[in-house]
1. Restricting the search to the stretch 338-371, which residues are in a loop (DSSP other than H, G, I, E, B) and closer than 21 Å to G265 by Cβ?
2. Give the residue that is farthest from the chain's Cα centre (by Cα), with candidates limited to residues of the stretch 135-161 that are under 20 Å from W202 (Cα atoms) and modelled with pLDDT of 90 or more.
3. Any residue in the stretch 218-247 that is farther than 16 Å from L170 by Cα sitting within a Cβ distance under 9 Å of a residue that is assigned to a loop (DSSP other than H, G, I, E, B) and of a type in the set (K, R)? List the pairs, counting only those 6 or more apart or interchain.
4. Does the stretch 231-265 hold any residues that are of a type in the set (S, T, N, Q) and over 30 Å from A381 (Cα atoms), and which are they?
5. Here is a list of conditions, (1) touching a strand residue (DSSP E or B) at 6+ places or on another chain (Cβ under 9 Å); (2) touching a residue at least 40 places away in the same chain (Cβ under 8 Å); (3) not acidic (D, E), and K301 meets all of them except one; can you say which number that is?
6. Kindly check whether there is at least one residue in the stretch 278-300 that is over 30 Å from E353 (Cα atoms) and within 27 Å of the chain's Cα centre (by Cα).
7. I'm told L235 meets every condition in (1) of a type outside the set (K, R); (2) surrounded by 18 or more Cβ atoms within 10 Å (Cβ to Cβ); (3) modelled with pLDDT under 80 except one. Can you identify the failing condition by its number?
8. Please find, within the stretch 178-220, the residue that is farthest from A363 (Cα to Cα) out of those that are in contact with a strand residue (DSSP E or B) (Cβ under 8 Å, 6 or more places away or on another chain) and at pLDDT 75 or above.
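The values are calculated or read from the model by the stated rules, or taken from the named source; none is laboratory data. Remember, predicted model here, so these are calculated numbers, not experimental data. We place every Cβ from the backbone using ideal geometry, glycine too, and count neighbours over all the protein chains shown.
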Amino acid sequence: MKVTLVFAALTVARPVVSGQGIGIELPKRTGSGQALLARHPLLLLRDKCVNCHSSAKPLAREAAGQSRQCSGEIASRHLFPELGCTVCHGGNGETMSIKKAHGKGGEVGLPPMSVGNNSRAIGERLFLSGIYVQASCGNCHLGREVPGAPVLTRGRELSIELGCIGCHRLKGHPNDVGVDLTRVGLKDVNRDGQLDVLDRAWIFRHFKDPAAVRKNSWMANYKLTDEEATALTVLVLSFTDEELPPEYVVPAKPEPEPKTAIERGKHIFELWGCAGCHGRGARGGIKNPNMKGGEVPQLYKLADTIVNDKEEADKLLALIERGADFDNDRSEWLNEYRNIKKRIIEGKRPEKEDASGPPPPLAMPEWREKIRGRDLDDLAAYILSLFPEDGWESWDEKPKEKPK
């Protein structure tokens, strides 16, 4: 099975130049514009930014369809008459007040405004500047790699590497362990209600140390660098789950089809967010309060419980690659392999450290309806592939005794 991961998009306005430098109206209420408005009420917006940002006035005066464009390498690929200002920069384009247009410190969401018949207005969007403008690139570009937006691209790569969808609800991934991120880019307060706004500084601090921002947070501290936390902040600001007119969407390019069992298994590992609990590269380190041992198991060492040595691991990998029928093969040396598959299918509640304490928040869910058949064997192949060439000696530490 191959699924291309895509990212939620934000509804943007389709502006038409108003003509006299007073802003950009979007769109005209005639012809196809009426049909577009019927489907996307938020498109009834006006950008008046050019009244203060005088360098953009000549662009606003030009009729739609002419060749004049915004300056800058990225902006040169996006026609100003077709996009306007707030589509990329956020904020409130309908006001002549700097404070209301930019928000406090350029980081806050603004009070909702009445726009057409839609209850959510452009005023709720954060004003974005610098590298944070890249969050708006995700409005149209749905693929993992976004041209000209390296920070957003890195954020999308990290979200897969860290397995965010393993806990968080996103469009197309209905998980309920963590906070619903589907529209988090529109929020103006945090979950504790301690801030007036959900600003990018709060998001950054939360990624660096979740428990320091929200007491008793279940989210793991992934020991992110500042660059990684910034990339994930830009990514989160792009989550709004609103619909785009199809002519604005740049679809995700099909990703290369994995060819081997190990490649397919790694794809399954990423697709279902397994790293969210089992850590980057299945190396563990994810805290699970009141779980015996205190951490989610390290899958990269699980191969040692399935086979005795690298030679046996390679033998099993070859069988998986050939599509062997393990259900009917009752060979004794495959018993532990069958047990691991059963655990994935049926799930497992972790054993408590303190029997009288609360249950650990993270548990292995049942995967019987999502990972089965060849996908299950491929996932096992990926886990087996993590067995090092020289056995335990190349791992961080060797357990006192081999797990039973």
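1. Within the stretch 338-371, G347, P365, E366, W367, R368, E369, K370, I371 meet the criteria.
2. V151
3. Listed pairs, sorted by first residue: P245/R14; E247/R14.
4. T233, S238, T240
5. (1)
6. no
7. Tallying (1) of a type outside the set (K, R); (2) surrounded by 18 or more Cβ atoms within 10 Å (Cβ to Cβ); (3) modelled with pLDDT under 80, L235 fails exactly one: (3).
8. Looking at the filtered set, the residue picked out is L181.
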